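Every number in this text was worked out from the coordinates using simple rules, so none of it is lab data. If you're wondering where the values come from, they're calculated on a predicted model, not measured in any experiment. Here the Cβ positions follow ideal geometry from the backbone for every residue, glycine too, while neighbour counts run over all protein chains shown.
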Amino acid sequence: MNNRFKVLSTVFFMGSAYGLVYALPFIQYIFYDPFVESIGATNAQLGTLIAIFGIGNLLAPFGGMLADKFNYKKVYMISLVANAALCLLFAFNLNYSFALFIWGGLAITGLFGLFPAHTKIVRFLGNENEQGKIFGFVEASWSISGVIVNVIVMALFTKAANPIIGFKYVVIGYGVIAFLHAVILFFLIDDPKEEMARIKAENDAKGTLEKQNVWAVLKTPGIWFAGLAVFSGYSTYVSLSYFTPYFTDVLGVSVVFAGSLAIARTYLVRIIGAPMGGAVGDRIGSVSKSLIMGLAAYFIFLLIIMNVPVGTPTAILIALVLLVAFANFFARGSMWGVQEEVKIPRAYAGLGAGVICAIGFSPDLFQFTLFGNWLDKYGNGGYQYIFTFTLIVLALGIVNALLALRYKKKIHAEDTTEQLKSAS
């Protein structure tokens with residue numbers, strides 16, 4: 001198989017598998033009513049399930065250490081197969097009590113086991129000058145496959161005799177498709193034995209202790225710059241979902257219009273914006289710079305949206321939403337490449353990814369609840385709190401990226417000095 005084609009195929013199926021890991025935990029976003037009916041849950045209980053899954057983000061650093069210590073391909077494959085198995089297990093035990101167990105399992109297989117290994121494998125698919133492009137295409141692959149997979153499971157759902165059976169078919173569909181991805185990726189992902197042996201030999205030659213290296217990763221500023229980069233990209237992505245009710249509740253547009261715009265925003269814009277953001281970062285030699293571009297554009301467009309009056313022409317509303325979504329995905333295409341830019345050691349890419357995950361996806365633990373409380377307490381006025389919060393996060397993300405650039409220059413200068421000393 002041509003190496004370039006193999007890399008592109010690996011990127012696509014890893015992006016697709018990454019999306020599948022989140023399909024069941026967040027299934028309520030697509031099959032809300034059938035989900036509630038199938039397991040007999042309240043709205044609050046559905047929030048509890050997401051919170052349980054979100055706790056898995058805190059386990060990700062330990063999963064990262066696992067991916068660094070052992071064969072990360074095996075860690076990835078076992079996690080993906082286990083995730084698929086949990087889908088099938090849940091399909092035949094549809095009730096809330098069992099869902100609590102399944103969502104806890106999904107947090108372990110998806111966020112503790114798979115995610116750090118996934119990030120490490122993707123990072124190793126390209127050199128330091130290709131990180132933005134590769135992670136951008138992973139984001140786009142997630143979107144493309146998301147459309148395909150959901151068309152398949154929606155077809156299964158519509159063929160069922162009733163919503164509960166249809167929901168069961170959907171969950172089975174997710175599990176079977178995940179199993180198929182595991183088979184394909186087993187042949188696409190290279191075995192890292194030689195890479196791991198080389199890294200171990202280098203560390204032995206330096207006479208460094210593993211625990212010291214792990215501590216060095218945790219205390220380096222780079223890990224926090226990379227984590228906050230993901231935090232800013234993900235937190236502002238969560239805010240995008242509130243544009244749909246804002247348009248219907250405040251600006252008075254129809255539910256059909258807002259829903260159609262949400263689909264275009266979520267899937268179509270990601271396909272274009274994420275790869276472009278990553279590619280621009282690689283082209284200008286800094287994903288932090290392209291991250292700043294995306295966050296700054298989001299900031300400007302959001303300010304405009306906050307101040308458009310009721311009765312604004314539809315064409316203007318469409319343009320504003322697509323532009324703010326494009327800006328967000330442009331930033332998301334860049335945010336994962338920051339870890340390479342700030343020189344997080346590749347030998348500990350798993351641990352690094354785990355810590356970044358814990359920081360970056362922490363909004364799952366509080367942001368949905370916070371936004372919901374604002375809307376419950378202030379009604380439509382709650383959207384101003386939501387958007388103000390988002391503006392603050394965008395500003396912090398820009399400042400963080402500027403600090404990451406300064407840190408990059410510092411470590412580059414130190415590396416140059418060290419090379420000159422060695423040469424002399």
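Computed values, structure above
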{"read-out": "In the range 91-122, the residues that are in a helix (DSSP H, G or I), under 29 Å from Ile165 (Cα atoms) and touching a Lys or Arg at 6+ places or on another chain (Cβ under 9 Å)", "value": "Ala91"}
{"read-out": "All positions within the range 384-409 that are without any contact (Cβ under 8 Å) to a residue 40 or more places away in the chain and over 18 Å from Val287 (Cα atoms)", "value": "Tyr385, Thr388, Ile392"}
{"read-out": "Residue in the range 321-375 that is nearest to Leu303 (Cα to Cα), counting only those that are of a type in the set (D, E, K, R) and assigned to a helix (DSSP H, G or I)", "value": "Arg332"}
{"read-out": "Flag for Pro34 being more than 26 Å from Trp224 (Cβ to Cβ) and touching a Pro at 6+ places or on another chain (Cβ under 9 Å)", "value": "yes"}
{"read-out": "Matching entry among Glu128, Glu139 (being in contact (Cβ under 8 Å) with a residue 40 or more places away in the chain, of a type in the set (D, E, K, R) and surrounded by fewer than 20 Cβ atoms within 10 Å (Cβ to Cβ))", "value": "Glu128"}
